Amino acid sequence: MTDPLNRWRERAADAVLLDGFHALKHALRFGAEVPVAVTTDREATLALAGELAGDVRDPLDALLTEVPQAVYASLVPRPHPTGVAALAVRPSREANLKALAHLPRTAPVVVLDEPRNLGNAGAVIRLAAGFGATGVVTTGTLDPWHPTVVRGGAGLHFATAVERLGVDELPAGPLFALDPEGDDIRRTELPDDAVLAFGSERSGLSAPLRARADRLLALPMRPQVSSYNLATSVAMTLYHWSLRAA
Ligand SMILES: C[S@@+](CC[C@H](N)C(=O)[O-])C[C@H]1O[C@@H](n2cnc3c(N)ncnc32)[C@H](O)[C@@H]1O
């Protein structure tokens, strides 16, 4: 069996870095393949698992290797307060495309049209995971698996299908694009097979996305306010969807 640090070095280039206890906890819960995990204090990490996440305590016990602080610091760009880090295998694009295309769909797909802010993308993936959305698709150049997005997503990339696609490749289903000039969302029930699209932080919805949209919907907002933050717009829209049959 290879030494954990050699395993780390062998896998680091093409794996997903899980930064901190909570990211590792979420990844394990949602079925990620985690070939290597390190901690600066095994006993403290297992105690934390016992306290907060009993369901993953045994898998962590089998997986965690204790390393000196200096070794841990050499493996991560920025040390995390929990002193925990792991590498996970990125799900295949093929598997994600299959999940995104699967019909009938029981929960919407969120589309971020040419997003710019890595933190927003991570927050949206966390939201999508929380609401049980089918997936999060980005268009444009931002990589939704960028380490900063993964950090913002708290390990929840493994709980929903995350991929980058062209507007012409979006999953089937009625496309509702969110825009302050649209119809009031409160008068519309969002179906489970909806594709919910949101524009970029800087310039809103792109022309190709607008052309593909079936409806434009607006979130309630008083006149003098120009727009909401992208991630909060996704939160309100998914919450609105979740009320459909409540
Ligand atoms: C920060 S806003 C974009 C602002 C941008 N300057 C613009 O011209 O639209 C990012 C995205 O959040 C969504 N959004 C923000 N406020 C909204 C509102 N009141 N109604 C519907 N969507 C909204 C839209 O999808 C928008 O493209």
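The values are calculated or read from the model by the stated rules, or taken from the named source; none is laboratory data. Predicted model only: the values in this text are computed from it and were never measured. Reconstructed Cβ throughout: ideal geometry from the backbone, glycine too, with neighbour counts over all protein chains shown.
I'm trying to understand the selection: among the residues of the range 129-156, which are more than 12 Å from Gly119 (Cα to Cα) and in contact with a helix residue (DSSP H, G or I) (Cβ under 6 Å, 6 or more places away or on another chain)? Result: Ala129, Phe131, Gly135, Val136, Thr139, Gly155, Leu156. Applying the selection to the range 10-33, what residues are surrounded by 14 or more Cβ atoms within 10 Å (Cβ to Cβ) and over 17 Å from the mean Cα position of the chain (by Cα)? Matches in the range 10-33: Glu10, Arg11. If we scan the range 157-170, do we find a residue that is within 13 Å of the ligand (Cβ to nearest atom), without any contact (Cβ under 8 Å) to a residue 12 or more places away in the chain and in a helix (DSSP H, G or I)? No, the range 157-170 contains no residue that is within 13 Å of the ligand (Cβ to nearest atom), without any contact (Cβ under 8 Å) to a residue 12 or more places away in the chain and in a helix (DSSP H, G or I). Taken over the range 214-243, the residue count meeting the criterion of being more than 9 Å from the ligand (Cβ to nearest atom) and over 23 Å from the mean Cα position of the chain (by Cα) is 5. Condition check for Arg57 on (1) modelled with pLDDT of 95 or more; (2) in a helix (DSSP H, G or I); (3) surrounded by fewer than 15 Cβ atoms within 10 Å (Cβ to Cβ); (4) out of contact with any strand residue (DSSP E or B) (no Cβ under 9 Å at 6 or more places or on another chain): one failure, at (3). Filtering the range 110-135 to residues that are within 8 Å of the chain's Cα centre (by Cα) and within 14 Å of the ligand (Cβ to nearest atom) leaves Ala121, Ala123, Val124, Leu127.
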